[in-house]
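What follows is a set of notes on a single structure, which appears directly below.
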Amino acid sequence: MTTSRAALARAARSARLALIHGGPERNAFLLLCKAALATVLAWEFAVRVLHSPTPFYAPMAALLVVDRTMVRSLWASVQLIAAVVLGMSVAWAVGSVAGVNWWSIGPVIFFALLLGRWSRLGDHGLQVPAMVLLSLLTVGGTSVSFTYLTILETLIGGAIGVITNAVVLAPLHLRRSREQVVAMAHQVHELLHEMSQGLRADWDADLARHWYRVGGEISLHVPYVIQEISTGHESTRLNPRHNARPVRVDWEGYESTVEALHRAQWQITGIARILVDAADDRARQPVPSPHFLARYADVLDALADIVTDFGVGDDVARARLDRQVAQAEEILAELREQVRVAPQEDPQAWPVYGSLISDAERAVRELESARSRAVLPTVDGQSIRAPQSALIRGRILWRARRREPAHPSTVEPKSGLVGQEEDGTPNATAGRLPIEPHGSAQHID
């Protein structure tokens, strides 16, 4: 009973979000509506125009080809038609030559299953053995009219599905992919800021583990961000809605931003791992001196500032990023010299100091080397706002329940995504991230 109530509550929440503002929920709801409309239209066409005695294949084809992008709809239509043609052709050939009996069905189904595994047919490869079996068991595979009508219905149903998807608000997925790029940049910035604040205060192994866990969660989310960027880029192709009102988006710049942040995040996670080992009594690693860590915190602050201006194309931001890179390199050079010449209380501590300095240097170099290709998303010169969706929360946000009560995180769950809260109200942290002056969009879904 509790499970049913929870499911109903989630459905009601998704419906409310779909009605109140744009986002994944509205896109999913619209796709369902278009699939239902295309199915009805294909059914009516098969009944009233083709006079089909079994109007099944047209609505089935229409239902299966309505997809998230026009490219996927067109490709799904081609795959489905190819699968049906292959299946019906195999059934017709076997039925005409050998008839339908126990020794002919087995080999032909086995052959159809092999054809269905052809990668070019994708998920629609399952239609090949299904069509073979259906044709053999209903008309013995020998009815030319049945084969012709089935292929014609599939062709028309696929066309109706593609046209419906194109005419009724052709899917254009720009907002979600760009929001996630912004969300990732914000998360990296907040993690660096939290680490720098912690190193200046009373940090311990529990807090270092939290930083390490957060860094891992950000890295795990990267493939999903790249996938969303790819989907957004794909949705602009062959899209009449985009052709009517083109949106200027530097998709390659977005990917470069995410990849550079990911590489820098590896080094940041490595820093957190070193701190975990240094603070954990079981690891028996030397603990860096408070003076070193206080100065090292300045490096992390500089890195956080670099992330803030990373991907911004205006001259002011470039000059500011140059200063931040120079500041980080200057402090790291100072720390490197300090470790080299100053006597250490613990002679065994130099590997810890060297690892911290090397990881920070690599993080700076990763961002510096990719700055010319990086672009952060904007809309009309303003930072894109990322939604508080369950998907993003589950993959990129670190949960408050995982934190130790004695060490509250400065990264609030609501600040991990810049922009709207779950109820659609503006987030107070919106606008803190940099903007992309040369890639602003005129409209987003």
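Anything in the stretch 62-94 that is among the polar types (S, T, N, Q) and within 16 Å of Ala166 (Cβ to Cβ)? List them, or say none.
Keep residues of the stretch 62-94 that are among the polar types (S, T, N, Q), which gives 69, 73, 77, 79, 89.
Once the filter is applied, which keeps residues that are among the polar types (S, T, N, Q) and within 16 Å of Ala166 (Cβ to Cβ), the stretch 62-94 yields Thr69, Ser73, Ser77.
With the requirement that a residue be farther than 25 Å from Ala360 by Cβ and in contact (Cβ under 8 Å) with a residue 40 or more places away in the chain, what does the stretch 247-272 give you?
Listed by number, the residues that qualify are Val247, Arg248, Val249, Asp250, Glu252, Gly253, Tyr254.
Give me a count of the residues in the stretch 30-67 that are surrounded by 20 or more Cβ atoms within 10 Å (Cβ to Cβ) and of a type in the set (Ser, Thr, Tyr).
Here the count works out to 2.
Within the stretch 159-212, count every residue that is under 28 Å from the mean Cα position of the chain (by Cα) and farther than 22 Å from Val307 by Cα.
Initially, the stretch 159-212 is screened for residues under 28 Å from the mean Cα position of the chain (by Cα), giving 161-195, 208-212.
Still in the running and farther than 22 Å from Val307 by Cα: 161-174, 209.
So the count comes out to 15.
Any idea how many residues of the stretch 165-189 are surrounded by fewer than 22 Cβ atoms within 10 Å (Cβ to Cβ) and assigned to a helix (DSSP H, G or I)?
Residues meeting the conditions: 2.
Arg263 - would you say it is farther than 14 Å from Leu191 by Cβ, among the basic types (Lys, Arg) and either over 24 Å from the mean Cα position of the chain (by Cα) or at pLDDT 95 or above (or both)?
Working: farther than 14 Å from Leu191 by Cβ: yes; among the basic types (Lys, Arg): yes; either over 24 Å from the mean Cα position of the chain (by Cα) or at pLDDT 95 or above (or both): yes.
For Arg263, the condition - farther than 14 Å from Leu191 by Cβ, among the basic types (Lys, Arg) and either over 24 Å from the mean Cα position of the chain (by Cα) or at pLDDT 95 or above (or both) - is met.
How many residues does the stretch 214-245 contain that are free of Cβ contacts under 8 Å to residues at least 60 places away in the same chain, among the aliphatic types (A, V, I, L, M) and more than 30 Å from Asp301 (Cα to Cα)? It would help to see each step written out before you state the result.
Looking only at the stretch 214-245, we keep the residues that are free of Cβ contacts under 8 Å to residues at least 60 places away in the same chain, and these are 215-216, 219, 222-223, 225-230, 232-233, 243-244.
If we keep only those that are among the aliphatic types (A, V, I, L, M) as well, we get 222, 225-226, 229, 244.
Adding the requirement that they be more than 30 Å from Asp301 (Cα to Cα) leaves 244.
Result for the stretch 214-245: 1.
Do we find a residue being in the same structural domain as Trp211 (by TED's automatic domain parsing), surrounded by 19 or more Cβ atoms within 10 Å (Cβ to Cβ) and modelled with pLDDT of 95 or more anywhere in the stretch 283-292?
No; the residues of the stretch 283-292 include none that is in the same structural domain as Trp211 (by TED's automatic domain parsing), surrounded by 19 or more Cβ atoms within 10 Å (Cβ to Cβ) and modelled with pLDDT of 95 or more.
Out of the residues in the stretch 246-290 that are part of a loop (DSSP other than H, G, I, E, B) and of a type in the set (A, V, I, L, M, F, W, C), state the one that is farthest from Leu300 (Cα to Cα).
Step one: list which residues in the stretch 246-290 are part of a loop (DSSP other than H, G, I, E, B), which gives 246-250, 280-289.
Filter once more, keeping what is of a type in the set (A, V, I, L, M, F, W, C): 247, 249, 283, 287.
Values: Val247: 36, Val249: 31, Ala283: 24, Val287: 18 Å.
Filtering first and then ranking leaves Val247.
Is one or more of the residues making up the stretch 218-237 part of a helix (DSSP H, G or I), within 16 Å of Glu194 (Cα to Cα) and modelled with pLDDT of 95 or more? If you could, list the steps in order and put the result at the bottom.
Start the filter on the stretch 218-237 by keeping residues that are part of a helix (DSSP H, G or I), which leaves 218-235.
Adding the requirement that they be within 16 Å of Glu194 (Cα to Cα) leaves 218.
Going one step further and asking which of them are modelled with pLDDT of 95 or more, we end up with 218.
Yes, the stretch 218-237 has at least one match.
Which number in (1) in the same structural domain as Arg48 (by TED's automatic domain parsing); (2) modelled with pLDDT of 95 or more; (3) touching a helix residue (DSSP H, G or I) at 6+ places or on another chain (Cβ under 6 Å) marks the one condition that Thr150 misses?
Every listed condition holds for Thr150 apart from (2).
The values are calculated or read from the model by the stated rules, or taken from the named source; none is laboratory data. Here the structure is a predicted model, which is why all the values come from computation and not from measurement. Here the Cβ is made from the backbone with ideal geometry for all residues, glycine too, and neighbour counts use every protein chain on show.
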